[in-house]
Amino acid sequence: MKKEIKEEVVPCEICGHPVIHNEYGLYQDCPQCGWRRGGDNVELERQWGVSYPMLVSLSHAREQYRQGLPFKADFDEFVRGLLFYSEMLFDYQGETYEAYLYRDKEFEPYKFVFCCAEFLQEYVSEQEFREKANIQGKRLKDIWDQVQEPRYM
Ligand SMILES: [Zn+2]
């Protein structure tokens, strides 16, 4: 006989719509607002300033939902996601771009790499990455409004 999976209904942490949570810790994607919940997003925001797997932090996502905006991580959340997860992606004008941390003994603790099919940029600190990472001379932080789907790899 197949074992039945125990389920309970809990409110979506963004909009309050009922979603199913099962005994393995999995949450249903919210049919109301589209939020996806992995684990403890309150703790993730406290420690890292992000959520998983949506990236945008819980409090920022609630604000976006209230304003009727789609969920999207800002540049700061993207950088914190990079520190948390080490490999990130986003799309810009039809191309996919990648940022990752490269561990190297000569550059403790790691280098920040930003790349796509056409180029690879390396930065030795988070601050330098924030200030200088660019696409054809346009700084990431300045074009973030046009960046789409910043996400974990
Ligand atoms: Zn929801």
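Against the list (1) within 14 Å of the chain's Cα centre (by Cα); (2) loosely packed, with under 13 Cβ neighbours inside 10 Å, the condition F90 fails is (2). Might you check whether a residue that is in contact with a helix residue (DSSP H, G or I) (Cβ under 6 Å, 6 or more places away or on another chain) and either under 19 Å from E149 (Cβ atoms) or without any contact (Cβ under 8 Å) to a residue 24 or more places away in the chain (or both) occurs anywhere in segment 90-99? Yes, segment 90-99 has at least one match. Restricted to segment 61-74, and to residues there that are surrounded by 12 or more Cβ atoms within 10 Å (Cβ to Cβ) and assigned to a helix (DSSP H, G or I), the residue that is nearest to the ligand (Cβ to nearest atom) is Y65.
In a residue-by-residue description of segment 58-75, the property of being closer than 15 Å to R151 by Cβ and either aliphatic (A, V, I, L, M) or modelled with pLDDT under 95 (or both) applies to at least one position. Looking only at residues in segment 15-60 that are of a type in the set (V, I, T) and within 17 Å of the chain's Cα centre (by Cα), the one that is nearest to the ligand (Cβ to nearest atom) is V56. A residue that is part of a loop (DSSP other than H, G, I, E, B), closer than 24 Å to C30 by Cα, hydrophobic (A, V, I, L, M, F, W, C) and in the same structural domain as C15 (by TED's automatic domain parsing) can be found somewhere in segment 43-54. Looking across E95, E118, E108, E126, one residue alone is among the acidic types (D, E), in contact with a Phe, Trp or Tyr (Cβ under 9 Å, 6 or more places away or on another chain) and outside the structural domain of S51 (by TED's automatic domain parsing). It is E126. In the condition set (1) in contact (Cβ under 8 Å) with a residue 40 or more places away in the chain; (2) closer than 30 Å to E4 by Cα, G38 is compliant with all but (1).
The values are calculated or read from the model by the stated rules, or taken from the named source; none is laboratory data. Quick caveat, the model's predicted, so the values are computed rather than measured. Glycine also receives a Cβ, built like all others from the backbone with ideal geometry; neighbour counts cover every protein chain displayed.
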